[in-house]
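Quick note: the coordinates plus some simple rules give every number you see, no bench work behind them. Nothing here was measured: the structure is a model prediction, and the numbers come from that model. Cβ coordinates were reconstructed from backbone atoms using ideal geometry, including for glycine residues, and neighbour counts include every protein chain displayed.
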């Protein structure tokens, strides 16, 4: 309704209004964003790629061990691209966590799975959460996504 008079007429029974139907799931699915780094870009390393596919399918943890430059970080950054798209419920959960820190002002609903890679010198509080003014840590910010500890 665009005017107060239309609202009054509706409550007095002088006019009818068609209810507005919004399919939030369809709108959410239209706005899904896919990760910039694609797992398909990885050449070779068939064994670890297979392991990561199993991890993604089953929601398991994985530990990557190897010398610097072996491709551990490169593979981990591409893991979100093979995870299933976020459901609306997962997107709402993730957005709630990120909104506590004020990280959703420009982008609104979080559509893609988060990838968090905190520095190896991160404090316990920054990793787990809490502090003098409690806020979520990196573990919470990686909820429904990937937490990469290098």
Dimensions (Å) - the stretch 24-79, Cα atoms, principal axes, largest first: 46, 22, 16
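Want the number for residue 25 to residue 53: 0.36 nm per residue separation, take away the alpha-carbon distance, what's left?
Values: separation 28, 0.36 × 28 = 10.08 nm, distance 2.70 nm.
Additional length available on full extension: 7.4 nm.
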Computed label-point distance, nm, for sites residue 122 and residue 3 using a 7 Å Cα→Cβ extension: 5.7 nm
Highest-fluctuation residue, 117, 56, 70 considered, GNM on the chain with Cα pairs under 10 Å: 70
Relative contact order (%) - the chain, alpha-carbon pairs under 8 angstrom, separation at least six: 20 percent
Label point distance in nm, residue 32-residue 90, each placed 7 Å from Cα along Cα→Cβ: 1.0 nm
Tilt relative to the chain, helix 46-58 - C-alpha long axis, 0 to 90 degrees, to 10: 40 degrees
